Amino acid sequence: REGRFEIAPTVSFTLLDEYRRTIFFGGRLQYNVTDWFGFGVWGAYGAVQIDTDLTTQIDKIAPRNIITAVNINHTLNTANGVIGNAKFTDQVAKWNWIIAPQVQLTPFRGKLSIFEKLFVDTDAYIFLGAAFNGLSERGNCGDTAGDPACIAQASFVEKSRMAPAPTFGLGLHFFIQDFLSLGVEYRAIPFSWNRAGFDTSGTPNGFPDNKITGADQTFKFNSLINVEIGFGLPAKPSVSD
(Lines give C-alpha, C1' and ligand atoms only; values in the text may rest on other atoms or scores of the structure.)
Protein backbone atom coordinates (compact mmCIF):
# COMPACT_ATOMS: atom_id res chain seq x y z
CA ARG A 1 0.00 0.00 0.00
CA GLU A 2 2.85 2.44 0.65
CA GLY A 3 2.83 5.31 -1.84
CA ARG A 4 -0.34 4.09 -3.58
CA PHE A 5 -3.76 5.64 -4.06
CA GLU A 6 -6.97 3.70 -3.52
CA ILE A 7 -10.19 4.48 -5.40
CA ALA A 8 -13.25 2.55 -4.23
CA PRO A 9 -16.91 2.86 -5.29
CA THR A 10 -19.12 2.04 -2.31
CA VAL A 11 -22.69 1.05 -1.45
CA SER A 12 -23.85 1.66 2.14
CA PHE A 13 -26.91 0.49 4.06
CA THR A 14 -28.21 2.09 7.26
CA LEU A 15 -28.99 -0.17 10.24
CA LEU A 16 -31.66 -0.19 12.99
CA ASP A 17 -33.76 2.57 11.40
CA GLU A 18 -37.02 3.49 13.11
CA TYR A 19 -38.76 5.38 10.31
CA ARG A 20 -36.70 5.34 7.09
CA ARG A 21 -33.92 3.20 5.65
CA THR A 22 -31.36 4.79 3.38
CA ILE A 23 -29.10 3.24 0.75
CA PHE A 24 -26.08 5.43 -0.08
CA PHE A 25 -24.01 5.30 -3.26
CA GLY A 26 -20.60 6.91 -3.07
CA GLY A 27 -16.87 6.36 -3.07
CA ARG A 28 -13.63 6.53 -1.13
CA LEU A 29 -10.35 8.14 -2.19
CA GLN A 30 -7.27 7.42 -0.08
CA TYR A 31 -3.52 7.91 -0.19
CA ASN A 32 -1.36 5.47 1.77
CA VAL A 33 1.64 7.19 3.32
CA THR A 34 2.98 3.89 4.66
CA ASP A 35 1.85 0.29 4.50
CA TRP A 36 -0.19 0.77 7.70
CA PHE A 37 -1.24 4.47 7.63
CA GLY A 38 -3.35 6.37 5.10
CA PHE A 39 -5.64 9.35 4.85
CA GLY A 40 -8.46 10.28 2.51
CA VAL A 41 -12.13 11.10 2.18
CA TRP A 42 -15.33 9.10 1.83
CA GLY A 43 -18.54 10.58 0.47
CA ALA A 44 -21.97 9.22 -0.38
CA TYR A 45 -25.42 10.29 -1.55
CA GLY A 46 -28.64 8.83 -0.11
CA ALA A 47 -30.14 7.78 -3.42
CA VAL A 48 -32.72 5.30 -2.09
CA GLN A 49 -35.08 6.12 0.81
CA ILE A 50 -37.34 3.29 2.04
CA ASP A 51 -40.10 3.64 4.65
CA THR A 52 -40.03 1.17 7.52
CA ASP A 53 -43.11 -0.75 8.64
CA LEU A 54 -43.43 1.60 11.63
CA THR A 55 -43.84 4.58 9.28
CA THR A 56 -46.44 2.67 7.28
CA GLN A 57 -48.39 1.73 10.43
CA ILE A 58 -48.32 5.30 11.82
CA ASP A 59 -49.64 6.53 8.49
CA LYS A 60 -52.49 4.00 8.56
CA ILE A 61 -53.43 3.89 12.24
CA ALA A 62 -52.46 7.12 14.04
CA PRO A 63 -55.49 9.34 14.77
CA ARG A 64 -55.58 12.76 13.12
CA ASN A 65 -57.19 15.28 15.45
CA ILE A 66 -56.40 18.41 17.46
CA ILE A 67 -54.65 16.33 20.13
CA THR A 68 -52.15 14.84 17.67
CA ALA A 69 -51.96 17.88 15.37
CA VAL A 70 -48.58 19.10 16.72
CA ASN A 71 -46.94 15.77 15.91
CA ILE A 72 -48.71 14.52 12.79
CA ASN A 73 -49.75 16.59 9.80
CA HIS A 74 -53.45 15.79 9.73
CA THR A 75 -54.78 17.73 6.73
CA LEU A 76 -53.84 17.94 3.08
CA ASN A 77 -55.31 20.29 0.49
CA THR A 78 -55.30 18.54 -2.88
CA ALA A 79 -55.53 20.10 -6.34
CA ASN A 80 -59.29 19.56 -6.55
CA GLY A 81 -59.91 21.06 -3.12
CA VAL A 82 -60.49 17.77 -1.30
CA ILE A 83 -59.09 17.66 2.23
CA GLY A 84 -57.61 14.38 3.41
CA ASN A 85 -54.86 12.93 5.57
CA ALA A 86 -51.30 14.00 4.79
CA LYS A 87 -48.73 11.23 4.44
CA PHE A 88 -46.65 10.69 7.57
CA THR A 89 -43.62 9.81 5.45
CA ASP A 90 -43.49 13.40 4.18
CA GLN A 91 -42.45 14.66 7.64
CA VAL A 92 -39.91 11.90 8.38
CA ALA A 93 -36.36 13.25 8.22
CA LYS A 94 -34.08 12.26 5.33
CA TRP A 95 -30.34 11.59 5.49
CA ASN A 96 -29.33 12.96 2.08
CA TRP A 97 -25.52 12.98 1.89
CA ILE A 98 -22.29 12.42 3.83
CA ILE A 99 -18.76 13.74 3.39
CA ALA A 100 -16.15 12.28 5.75
CA PRO A 101 -12.40 13.08 5.75
CA GLN A 102 -10.66 10.35 7.73
CA VAL A 103 -7.44 8.54 8.61
CA GLN A 104 -7.02 4.78 8.38
CA LEU A 105 -4.77 2.43 10.34
CA THR A 106 -4.10 -1.13 9.16
CA PRO A 107 -2.49 -3.05 12.04
CA PHE A 108 -3.35 -6.59 10.88
CA ARG A 109 -2.70 -8.30 7.58
CA GLY A 110 -2.17 -11.82 6.37
CA LYS A 111 -3.86 -14.58 4.38
CA LEU A 112 -7.35 -15.99 4.76
CA SER A 113 -7.73 -19.69 3.97
CA ILE A 114 -10.95 -21.14 2.60
CA PHE A 115 -11.05 -24.94 3.12
CA GLU A 116 -7.24 -24.85 2.93
CA LYS A 117 -7.59 -24.67 -0.85
CA LEU A 118 -8.06 -21.00 -1.62
CA PHE A 119 -5.91 -18.29 -0.03
CA VAL A 120 -6.78 -14.58 -0.14
CA ASP A 121 -4.56 -11.72 1.04
CA THR A 122 -6.55 -9.95 3.75
CA ASP A 123 -6.14 -6.95 6.00
CA ALA A 124 -8.12 -5.59 8.93
CA TYR A 125 -8.25 -1.84 9.50
CA ILE A 126 -9.78 0.84 11.69
CA PHE A 127 -10.59 4.43 10.74
CA LEU A 128 -11.48 7.69 12.44
CA GLY A 129 -12.65 11.01 11.02
CA ALA A 130 -15.25 13.76 10.92
CA ALA A 131 -18.54 13.36 9.04
CA PHE A 132 -20.60 16.23 7.64
CA ASN A 133 -24.18 15.06 7.17
CA GLY A 134 -26.82 16.70 5.00
CA LEU A 135 -30.30 16.30 6.47
CA SER A 136 -33.85 17.27 5.54
CA GLU A 137 -35.75 17.72 8.79
CA ARG A 138 -38.92 19.35 10.09
CA GLY A 139 -38.19 23.04 10.77
CA ASN A 140 -38.82 25.07 13.92
CA CYS A 141 -42.38 26.01 14.78
CA GLY A 142 -44.27 27.69 17.62
CA ASP A 143 -41.10 28.99 19.30
CA THR A 144 -40.38 32.53 18.08
CA ALA A 145 -42.12 35.26 16.13
CA GLY A 146 -42.29 34.36 12.47
CA ASP A 147 -42.45 30.61 13.09
CA PRO A 148 -45.64 28.90 11.91
CA ALA A 149 -47.91 27.38 14.54
CA CYS A 150 -47.06 23.72 15.07
CA ILE A 151 -50.57 22.63 14.12
CA ALA A 152 -50.34 24.47 10.78
CA GLN A 153 -49.67 22.54 7.61
CA ALA A 154 -46.73 24.88 6.84
CA SER A 155 -44.92 23.72 10.00
CA PHE A 156 -44.41 20.25 8.52
CA VAL A 157 -42.34 21.47 5.57
CA GLU A 158 -38.84 19.99 5.87
CA LYS A 159 -35.77 22.23 5.88
CA SER A 160 -32.15 21.37 5.12
CA ARG A 161 -29.35 21.49 7.67
CA MET A 162 -25.86 20.08 8.09
CA ALA A 163 -25.00 17.99 11.15
CA PRO A 164 -21.28 17.52 11.90
CA ALA A 165 -20.37 14.36 13.80
CA PRO A 166 -17.48 11.99 14.48
CA THR A 167 -17.22 8.85 12.39
CA PHE A 168 -15.29 5.67 13.14
CA GLY A 169 -15.38 1.97 12.46
CA LEU A 170 -13.53 -1.09 11.25
CA GLY A 171 -13.37 -3.24 8.16
CA LEU A 172 -11.77 -5.97 6.09
CA HIS A 173 -10.15 -5.92 2.64
CA PHE A 174 -9.83 -9.06 0.54
CA PHE A 175 -7.24 -8.66 -2.24
CA ILE A 176 -8.21 -10.55 -5.39
CA GLN A 177 -5.36 -9.06 -7.41
CA ASP A 178 -2.49 -6.65 -6.71
CA PHE A 179 -4.71 -3.78 -7.87
CA LEU A 180 -8.20 -5.10 -6.98
CA SER A 181 -9.88 -5.73 -3.63
CA LEU A 182 -13.30 -6.33 -2.13
CA GLY A 183 -14.12 -4.68 1.18
CA VAL A 184 -16.76 -4.61 3.89
CA GLU A 185 -16.84 -2.29 6.87
CA TYR A 186 -18.97 -1.16 9.79
CA ARG A 187 -19.25 2.63 10.18
CA ALA A 188 -20.73 4.63 13.07
CA ILE A 189 -21.81 8.28 12.74
CA PRO A 190 -23.48 9.33 16.03
CA PHE A 191 -25.46 12.59 16.10
CA SER A 192 -28.82 14.03 17.21
CA TRP A 193 -31.73 14.66 14.85
CA ASN A 194 -35.52 14.75 14.89
CA ARG A 195 -36.18 11.66 12.79
CA ALA A 196 -40.02 11.72 13.01
CA GLY A 197 -40.65 15.46 13.34
CA PHE A 198 -42.19 14.93 16.79
CA ASP A 199 -42.39 17.24 19.82
CA THR A 200 -40.21 15.23 22.21
CA SER A 201 -39.05 17.89 24.70
CA GLY A 202 -40.95 19.45 27.58
CA THR A 203 -40.95 22.47 29.83
CA PRO A 204 -39.88 22.79 33.49
CA ASN A 205 -43.55 22.40 34.36
CA GLY A 206 -44.27 19.34 32.25
CA PHE A 207 -44.50 17.73 28.84
CA PRO A 208 -45.02 18.58 26.01
CA ASP A 209 -44.07 22.18 25.18
CA ASN A 210 -46.06 22.23 21.89
CA LYS A 211 -43.19 23.57 19.80
CA ILE A 212 -40.47 22.12 17.61
CA THR A 213 -36.88 23.29 18.13
CA GLY A 214 -33.40 21.82 18.32
CA ALA A 215 -34.33 20.52 21.78
CA ASP A 216 -36.53 17.93 20.06
CA GLN A 217 -33.57 16.33 18.30
CA THR A 218 -32.67 13.03 19.99
CA PHE A 219 -29.33 11.27 19.93
CA LYS A 220 -28.85 8.18 17.80
CA PHE A 221 -25.81 5.97 17.28
CA ASN A 222 -26.33 5.92 13.50
CA SER A 223 -24.72 2.85 11.92
CA LEU A 224 -24.00 1.71 8.38
CA ILE A 225 -22.58 -1.31 6.58
CA ASN A 226 -20.39 -0.37 3.60
CA VAL A 227 -19.49 -2.67 0.70
CA GLU A 228 -16.82 -1.59 -1.78
CA ILE A 229 -14.68 -2.56 -4.75
CA GLY A 230 -11.20 -1.05 -4.42
CA PHE A 231 -8.66 -0.21 -7.13
CA GLY A 232 -4.99 0.46 -6.31
CA LEU A 233 -2.88 2.97 -8.28
CA PRO A 234 -0.32 2.36 -9.56
CA ALA A 235 -1.66 -1.08 -10.40
CA LYS A 236 1.64 -2.85 -9.64
CA PRO A 237 2.81 -2.36 -6.05
CA SER A 238 6.49 -1.87 -5.28
CA VAL A 239 8.25 -4.75 -3.53
CA SER A 240 10.81 -4.02 -0.82
CA ASP A 241 14.19 -5.75 -0.66
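The values are calculated or read from the model by the stated rules, or taken from the named source; none is laboratory data. It should be emphasised that the depicted structure is a prediction, and the values quoted were computed from it without experimental measurement. So basically every Cβ, Gly included, is an ideal-geometry build from the backbone, and we count neighbours across all protein chains shown. Just so you know, the surface numbers come from the protein's heavy atoms only, side chains and all, with ligands and any DNA or RNA stripped out. Shrake-Rupley method; radii C 1.70, N 1.55, O 1.52, S 1.80 Å.
Looking only at segment 198-234, count how many residues are part of a strand (DSSP E or B), open to solvent by 50 Å² or more (accessible area, probe 1.4 Å) and touching a residue at least 24 places away in the same chain (Cβ under 8 Å).
Quick first cut of segment 198-234, residues part of a strand (DSSP E or B) only: 203, 206, 212, 218-233.
If we keep only those that are open to solvent by 50 Å² or more (accessible area, probe 1.4 Å) as well, we get 203, 218-219, 221, 225, 227, 229, 231, 233.
Still in the running and touching a residue at least 24 places away in the same chain (Cβ under 8 Å): 218-219, 221, 225, 227, 229, 231, 233.
Going through segment 198-234 one residue at a time, the tally reaches 8.
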What about Gly134, is it at pLDDT below 95 and assigned to a strand (DSSP E or B)?
-> no
Selection from segment 212-241 of residues that are at pLDDT 85 or above, over 17 Å from Pro9 (Cβ atoms) and among the acidic types (Asp, Glu) | Asp216
Of the residues that sit in segment 34-59 and are open to solvent by 50 Å² or more (accessible area, probe 1.4 Å), closer than 30 Å to Pro107 by Cβ and at pLDDT 95 or above, which one is farthest from the chain's Cα centre (by Cα)?
-> Phe37
Selection from segment 171-190 of residues under 26 Å from Phe231 (Cα atoms) and loosely packed, with under 15 Cβ neighbours inside 10 Å yields Ile176, Gln177, Asp178, Leu180, Val184, Tyr186
